[in-house]
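The values are calculated or read from the model by the stated rules, or taken from the named source; none is laboratory data. All values derive from a computational prediction rather than experimental measurement. Here the Cβ is made from the backbone with ideal geometry for all residues, glycine too, and neighbour counts use every protein chain on show.
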């Protein structure tokens, strides 16, 4: 098995503004593996507010002996072969994991869903992200989303322009919508009225309202509303699920933060056993990373794999 690593920058169509800041692109690393004449790709992305870098990913992936990823019988099983490399940073591990699953499916002439026993049932509602912007830009973003087949939108909030964002959105679009506060809300007493207004206006979920460690205010908000409160920054991996399950209604699972398809699949099973809802999300990946997430979408309640719809181009396709 051979591996090639391709650093890249994914350029956004519109500036991406959230509570963490603003950026025009996301650094990425595409992992290309080949075996028996078959090629497959995986993808790692590196938003600047997370402690991961392309250089670190290249270094760690280059150090892995590729022969260890195939057993003596010539079988590829990412959930087993990558268990020895859990010290690798999550995006790099995710890229290799999704590339291995894609390669395995191609070699066996089947789909990853079939390999995991996932039925191609009805797909969950899909959201298109609108980051913080003024009304004029929001209108352009809504038009761009609709042109790509989206009719359900997720509004990013920053704790400052939230009410204006809601007002502008409602002047442009009817119907249900979702909210992602990215930890930007303050005390419950300062946000509860606005949260109830969101609920009355057909908001279907609120994602990560408070700082990730503030489970007390999160639980209080969950108890005050009838709509789900979804963990993102509060839940990075399998081990976080039990800790946050009492405060949140569900979790946002992203392959980039948990390490790929294999751990995400386990997270879904565990979370659902606790009665939690699942949003499958992304970290501004291209079609490669988002397609890997799509494998798990039938198991989830919402699909937020819109990264490929937010960027200008992608260099590779599986």
*Please determine, by comparing only the residues of the stretch 255-280 that are more than 21 Å from residue 111 (Cβ to Cβ) and without any contact (Cβ under 8 Å) to a residue 40 or more places away in the chain, which one is surrounded by the most Cβ atoms within 10 Å (Cβ to Cβ).*
271
*asked:* Quick check on residue 94: is it over 30 Å from residue 168 (Cα atoms) and either crowded, with 20+ Cβ neighbours inside 10 Å or in the same structural domain as residue 288 (by TED's automatic domain parsing) (or both)?
replied: yes
*What single numbered condition from (1) within 18 Å of residue 99 (Cα to Cα); (2) part of a helix (DSSP H, G or I); (3) more than 16 Å from the chain's Cα centre (by Cα) fails to hold for residue 242?*
(1)
*Whichever residue in the stretch 87-117 is in a loop (DSSP other than H, G, I, E, B) and closer than 21 Å to residue 237 by Cα and, among such residues, is nearest to the chain's Cα centre (by Cα)*: 89
*asked:* Consider the stretch 35-51. How many of its residues are without any contact (Cβ under 8 Å) to a residue 40 or more places away in the chain and in contact with a strand residue (DSSP E or B) (Cβ under 6 Å, 6 or more places away or on another chain)?
replied: 0
*May I ask you to verify whether residue 135 is within 30 Å of residue 15 (Cα to Cα) and surrounded by fewer than 16 Cβ atoms within 10 Å (Cβ to Cβ)?*
yes
*asked:* Looking only at the stretch 217-239, filter to residues that are free of Cβ contacts under 8 Å to residues at least 24 places away in the same chain and assigned to a helix (DSSP H, G or I); which one of those is farthest from residue 201 (Cα to Cα)?
replied: 239
*Across the stretch 52-80, what is the total count of residues that are touching a residue at least 60 places away in the same chain (Cβ under 8 Å), crowded, with 21+ Cβ neighbours inside 10 Å and in contact with a strand residue (DSSP E or B) (Cβ under 6 Å, 6 or more places away or on another chain)?*
0
*Where residue 154 falls short, out of the listed (1) under 18 Å from the mean Cα position of the chain (by Cα); (2) part of a helix (DSSP H, G or I)*: (2)
*Which of the residues belonging to the stretch 281-310 are without any contact (Cβ under 8 Å) to a residue 60 or more places away in the chain and over 10 Å from the mean Cα position of the chain (by Cα)?*
287, 291, 294, 308
*What tally of residues in the stretch 157-177 results from selecting those that are in contact with a helix residue (DSSP H, G or I) (Cβ under 9 Å, 6 or more places away or on another chain) and not in a loop (DSSP other than H, G, I, E, B)?*
11
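For the stretch 38-47, which positions are at pLDDT 95 or above and more than 18 Å from residue 291 (Cβ to Cβ)?
46, the sole residue that qualifies.
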*Among residues belonging to the stretch 178-195 that are crowded, with 20+ Cβ neighbours inside 10 Å and not in a loop (DSSP other than H, G, I, E, B), point out the one that is nearest to the chain's Cα centre (by Cα).*
180
*Select from the stretch 15-34 the residues that are in contact (Cβ under 8 Å) with a residue 24 or more places away in the chain, buried (at least 16 other Cβ atoms within 10 Å of the Cβ) and more than 20 Å from residue 261 (Cα to Cα) and list them in ascending order.*
16, 17, 18, 19, 20, 23, 26, 27
*asked:* Just the residues that are closer than 20 Å to residue 302 by Cα, surrounded by fewer than 21 Cβ atoms within 10 Å (Cβ to Cβ) and without any contact (Cβ under 8 Å) to a residue 40 or more places away in the chain, please, taken from the stretch 108-132.
replied: 117
